[in-house]
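Take a look at the structure below.
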Amino acid sequence: MVRPPQPFNPVLVVLAAVAALFFVLPLVGLIARTPWSSALGILADPQVQLALRLSLICSLASTVLAVVLGVPLAWVLARLRFPGKNMLRGLTTLPMVLPPVVGGVALLLAFGRRGLLGAPMADTTGLSLPFTTPGVIVAESFVAMPFLVITVEAGLRSMDVRFEEAARTLGASRWTVFRRVTLPLIGPSLAAGTVLAWSRALGEFGATITFAGNFPGTTQTAPLAIYINLESGQLASAVILSLLLVVVSLAVLVALRGRYLGDA
């Protein structure tokens, strides 16, 4: 639908321009300071490649975990009625606004060697999550899964349930209805939530360094490598890695623009 033209408001336009510059100028500064001549050499560095490879592996693994656990959770929040539902939804989305370092501390108290679950797990199986690659995956899943849950829940709430009812009337089982009817109908929301969760996991820093530490080859992802490079004065490497993550994140947001802005 074509919207009617809006009257020009110079005050709002000026304020909008200031707001746009507030977001654009840091990116311009990043691009302006990028050492393009040494970019390929930096990306070819074994330590940089190791951090990028670990980021890719952990972010993809955490995204899979978010889909496996987050889709059923979104379905429960969208379809079932039970006491404490609003509280559960709030707790589910809390990592989106919680300081990541606080999330890392909470993960340590839950899954650490002396944590509520970590202690008995270490005693019975000998497995420990903190300061390991699986710990990185857990930390990234903790902060990324809410993005998938709220996106899929919105898709479930907006879909026409009559298709599901028709399938059940024709004798389809609950699993068949979910697999053949529900999932295809929420496919765009599921795809958007999955990509958003992956993008958030890729850029996770606070919870990761608090819960999993910063060990090259084991837990040092690209955001942690950026931090270490800045601390050690290797500005060129930090800028190149930062620009790479910005490009990836921007590509994700542009690709998903239609999911949260419609056809505007």
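Can you tell me which residue in the range 117-157 is nearest to residue 55 (Cα to Cα), limited to those that are part of a helix (DSSP H, G or I), without any contact (Cβ under 8 Å) to a residue 24 or more places away in the chain and among the small types (Gly, Ala, Ser)? For the range 117-157, the residue satisfying everything is 118. Within the range 97-147, the residues that satisfy the criterion of being among the β-branched types (Val, Ile, Thr), within 18 Å of residue 218 (Cα to Cα) and either buried (at least 23 other Cβ atoms within 10 Å of the Cβ) or under 14 Å from the mean Cα position of the chain (by Cα) (or both) are 136, 137, 138. So residue 163 fits all but one of (1) at pLDDT below 90; (2) outside any helix (DSSP H, G or I); what number is the exception? Condition not satisfied by residue 163: (2). The single residue among 94, 56, 52 that is over 17 Å from residue 205 (Cβ atoms) and either in contact with a strand residue (DSSP E or B) (Cβ under 7 Å, 6 or more places away or on another chain) or surrounded by 13 or more Cβ atoms within 10 Å (Cβ to Cβ) (or both) turns out to be 94.
Scanning the range 215-247 for residues that are out of contact with any Ser or Thr (no Cβ under 8 Å at 6 or more places or on another chain) and part of a loop (DSSP other than H, G, I, E, B) gives 215, 216, 217, 220, 232, 233, 234. For the range 65-77, the count of residues that are surrounded by 10 or more Cβ atoms within 10 Å (Cβ to Cβ) and within 30 Å of residue 238 (Cβ to Cβ) is at least one. Taken together, 69, 65, 54, 40 contain a single residue that is in a helix (DSSP H, G or I) and at pLDDT below 95, which is 40.
Just one of the listed residues (181, 177, 252) is of a type in the set (A, V, I, L, M), touching a residue at least 24 places away in the same chain (Cβ under 8 Å) and in contact with a helix residue (DSSP H, G or I) (Cβ under 9 Å, 6 or more places away or on another chain), namely 252. Against the definition (of a type outside the set (Gly, Ala, Ser) and out of contact with any Ser or Thr (no Cβ under 9 Å at 6 or more places or on another chain)), how does residue 117 come out, yes or no? For residue 117, the condition - of a type outside the set (Gly, Ala, Ser) and out of contact with any Ser or Thr (no Cβ under 9 Å at 6 or more places or on another chain) - is met. Only residues that are assigned to a loop (DSSP other than H, G, I, E, B) and either touching a residue at least 40 places away in the same chain (Cβ under 8 Å) or surrounded by fewer than 10 Cβ atoms within 10 Å (Cβ to Cβ) (or both) were counted in the range 1-36, giving 11.
The values are calculated or read from the model by the stated rules, or taken from the named source; none is laboratory data. Because the structure is a prediction, the values reported are computed rather than measured. Cβ: placed from backbone, ideal geometry, glycine included. Neighbour counts: every protein chain shown.
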